[in-house]
Amino acid sequence: MTKQVPNGHVKNTLVWLAYMLLSVWLAVASAWWVSSHINYGFPLWYQVLDIEQHIDQYAPQHPHKRGFEQLPPEQHWRAFAQITAAVHDRGQRLEDIYYRAPGDVPMALLDPLEVTHLQDVRDLLRRFSLITLWLIPLWLLLALVSMHLPPPGWHQRLPVLVGLPVVLGAILVIAGPTAVFYALHEWLFPPENPWFFYWEESLMSTLMRA
């Protein structure tokens with residue numbers, strides 16, 4: 001005879017699992033929101049990833065843009081901050097982001113295809129924010145319910161706490177980070193809009209080293 005699992009234990013486990021997953025989602029959303037207000041720490045990553053050297057190498061190869069590599073780091077940081085403000089709906093238009101190299105005329109930082117891609121990013125962030133707002137009341141409800149339910153035992157929680165990261169890590173290792181990165185872009189963005197840009201042809205990708 002198989003051992004019967006009490007219905008109460010199953011309910012407690014499901015409530016705990018839903019509450020945990022929503023907590024992770026809201027934690028990621030909160031961290032993203034905070035990071036966006038400090039421009040994702042771009043000045044730090046600019047140094048860590050040696051983006052200035054990267055710009056010096058690839059920006060001069062752009063067929064239509066001139067002199068971006070001649071700008072000081074502070075203006076590169078400002079360009080990234082303007083892109084961040086635009087994709088987060090903070091009053092900056094992508095088409096209005098310009099730079100001016102010494103002795104040259106102002107030039108648009110972004111090409112039309114780059115603007116389209118960043119508009120897709122903005123639309124994705126809007127959906128992400130809307131979903132997050134919808135999930136907050138559900139998270140609060142689950143928090144209240146959890147206060148009146150005994151937590152599931154470790155033999156029920158441990159498989160989830162260990163199994164989920166192991167599965168996600170295995171997918172990343174087996175498929176490879178690049179393949180996962182490409183797959184996410186194919187799933188999340190409209191198929192008719194390009195999202196891959198060569199460094200030699202995109203100041204956006206060169207600036208972000210993406």
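Any read-out appearing in this document is the output of simple, stated calculations on the displayed coordinates, not a laboratory observation. None of these values were measured; they are calculated from a predicted model. Backbone-built Cβ (ideal geometry, glycine too); neighbour counts: all protein chains shown.
Observations
- Listed candidates [x] 1.00; [y] 0.95; [z] 1.10 - label of the one calculated as Rg/Rh (Cα atoms, Kirkwood Rh): [z]
- Residue by residue, the stretch 198-210 carries 3J(HN,Hα) couplings of 6, 4, 5, 10, 8, 5, 4, 5, 5, 4, 8, 6, 10 Hz when phi is fed to the Karplus relation 6.51 cos²θ - 1.76 cosθ + 1.60 (θ = phi - 60°); x denotes Gly or Pro.
- Taken about its Cα centre, the stretch 22-141 carries a charge dipole of about 380 debye when Lys and Arg each add +1 at the Cβ and Asp and Glu each add -1 at the Cβ.
- Close amide H pairs (under 5 Å, H built 1.01 Å from N) link residue 98 with 109, residues at least 5 positions away or on another chain.
- Our coupling estimate for the stretch 74-82, obtained by passing each phi through the Karplus curve with A = 6.51, B = -1.76, C = 1.60 and θ = phi - 60°, is 4, 6, 5, 4, 5, 4, 5, 4, 5 Hz, Gly and Pro reported as x.
- Converting phi to 3J(HN,Hα) with the Karplus coefficients 6.51, -1.76 and 1.60 and the offset θ = phi - 60°, the stretch 115-123 yields 4, 4, 5, 5, 5, 5, 4, 4, 5 Hz in sequence order, with x at every glycine or proline.
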